[in-house]
Amino acid sequence: MLTTTKEPLDFKAIFQSWVDGTNKKWGHDRNKTLGGSEAFGCLRKAWYKRNGFEPDPEYEESWGALRRGDIIENHIVVPAMEWGAKELKLFEFLMGGENQITLFDGDPDDFDDNGRPEGVLSVTPDGLIRGVARNALAKYGVVDLGTDCFMLEVKSIDPRVDLSEEKAIHHGQTQIQMGLMRQTTAFKPNYAVILYINASFLDDIEVFVVKFDEKKFKIAQDRAELVFKTTDPSKLHREGVIDGTCQYCPYQQSCLDTTVKAMPGKTTDKKRQTDPALVGDLLKDELLFRRRAATKAAKKAKEELDRLNEEIKEVLRRHGSNKAQGNSWSVSYTMAQGRQTLDKSSLEAAGIDVSEHMKLGNPYEILKVTFKDLDDEDA
Ligand code: SF4
């Protein structure tokens, strides 16, 4: 029956409602384990999610990339693999599409003597290819699989992304897939294939092969354990700051609150500043000196980038074109308008007390490292 409403239609809201109503239903509580796709992301973010923290009020979940991936997986990759299995009879395609399964390293509802959950890691692979010859991946540099199977993982990518190797987070995810598959089933894959499919041109497919590494699987297990045994998020590194994913994080405010709370107090006492344990930790593995070298390298790289940018602009100017393109690259050179800013003196001249309308931004950290006897200083 049609529901007649006097409200004007909002198509975005219709899509959002459809997404909310048709989201994938998982057979397990995903907050009880650390998922394979999260294990090598920011652990602090994973911690907030599992400890009842609310996303920032202004955070909006974007469903586009996730649904794009589902479409490509379910309508392109799964049918193609089933075709390879049933029509071409090249292999068996297991645990894919509707037969996907989630693997766990233990039962998250069982607890050990210390009250820790037995299972902390889970993963849902896109499939397992089985019944192949040991040289099945020779085209991709693996002459001997050592077994008759390998894992399959599918990623859809933005066409602008240029990959020379698989992304670190996906590499880690496949390590967990292989590790848990080996640990919990009769299959012992030594390799995983990651298919990166260009979301604009579906025939643009990049293939990367990942070799199982027991050490990396163990690291993933340790990371998962850390999330469930830590009670203080400030003890978890802010990995989003390092991999540049903070801008997509739903817990930016909570993370800032944690950081502010963990900030050491003002230390005026010279004795504390020169405490051997503190100094020892800062000099351990040449931490301060490695930072100094990194700052120098970044400065040098920035100078080189600026120089190359100027050269490119000069070439475009010489040829009178603001765009250029080749098979795998394109260049565009435009002039952006300056940012609009409020004219403070004009507001004051109009009799407006600007100070009444000022608001304080979020606090931020400043780290300064100075080398007295050396020729430079950085901040
Ligand atoms: S804001 Fe960044 S560092 Fe903090 S939890 Fe989120 S992703 Fe991690």
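The values are calculated or read from the model by the stated rules, or taken from the named source; none is laboratory data. What you see is a predicted model, and the numbers here were worked out from it, not measured in a lab. Cβ atoms come from the backbone with ideal geometry, glycine included; neighbour counts cover every protein chain shown. Heavy atoms of the whole protein, side chains included, go into the accessibility calculation; ligands, DNA and RNA do not. Shrake-Rupley method; radii C 1.70, N 1.55, O 1.52, S 1.80 Å.
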Kindly provide the set of residues from segment 239-290 that are open to solvent by 60 Å² or more (accessible area, probe 1.4 Å) and among the hydrophobic types (A, V, I, L, M, F, W, C), ordered by number.
Val241, Ile242, Val260, Met263, Ala277, Leu278, Leu282, Leu283, Leu287, Phe289
Among Ala85, Ala13, Ala46, which is the only one that is of a type in the set (A, V, I, L, M), within 16 Å of the ligand (Cβ to nearest atom) and open to solvent by less than 60 Å² (accessible area, probe 1.4 Å)?
Ala46
Within the bounds of segment 304-312, is there any residue that is open to solvent by less than 80 Å² (accessible area, probe 1.4 Å) and touching a His at 6+ places or on another chain (Cβ under 9 Å)?
no
Scan segment 137-148 and give yes if some residue there is at positive phi and of a type outside the set (Val, Ile, Thr), otherwise no.
yes
Among the residues listed as Gln247, Gln340, the single one being in a helix (DSSP H, G or I) and within 30 Å of Glu61 (Cβ to Cβ)
Gln247
Residues (of a type in the set (Gly, Ala, Ser) and under 19 Å from Arg68 (Cβ atoms)) located in segment 18-34
Gly21
Can you list residue pairs whose Cβ atoms sit under 8 Å apart, with the first residue in segment 50-62 being farther than 21 Å from Lys12 by Cβ and the second being hydroxyl-bearing (Ser, Thr, Tyr) and not in a loop (DSSP other than H, G, I, E, B)? Count only pairs 6 or more apart in sequence or on different chains.
Phe53/Ser254
Quick one: in segment 228-238, of everything that is farther than 14 Å from Lys49 by Cα and free of Cβ contacts under 8 Å to residues at least 60 places away in the same chain, which residue is nearest to the ligand (Cβ to nearest atom)?
Ser234
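In segment 239-249, is there at least one residue being on the phi > 0 side of the Ramachandran plot and either of a type outside the set (S, T, N, Q) or within 16 Å of the ligand (Cβ to nearest atom) (or both)?
Yes, segment 239-249 has at least one match.
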Any residue that is modelled with pLDDT of 95 or more, open to solvent by 40 Å² or more (accessible area, probe 1.4 Å), in a loop (DSSP other than H, G, I, E, B) and touching a strand residue (DSSP E or B) at 6+ places or on another chain (Cβ under 7 Å) - is there at least one of those in segment 115-137?
yes
State whether one or more residues within segment 165-180 are in the same structural domain as Phe212 (by TED's automatic domain parsing) and on the phi > 0 side of the Ramachandran plot.
no
How many residues are part of a helix (DSSP H, G or I) and in contact with an Asp or Glu (Cβ under 8 Å, 6 or more places away or on another chain) if we restrict to segment 199-223?
1
Based on this model, can you work out whether Asp232 counts as assigned by TED's automatic domain parsing to the domain that holds Pro108 and either exposed (fewer than 14 other Cβ atoms within 10 Å of the Cβ) or farther than 26 Å from Leu34 by Cα (or both)?
yes
Among (1) closer than 27 Å to Pro108 by Cα; (2) among the small types (Gly, Ala, Ser); (3) more than 9 Å from the ligand (Cβ to nearest atom), the one test that Ala262 misses
(1)
Contact list please: Cβ distance under 8 Å, first residue in segment 295-313 and closer than 25 Å to Ser332 by Cα and part of a helix (DSSP H, G or I), second residue open to solvent by less than 100 Å² (accessible area, probe 1.4 Å) and among the hydroxyl-bearing types (Ser, Thr, Tyr), pairs at least six apart or on different chains.
Ile312/Tyr333; Lys313/Tyr333
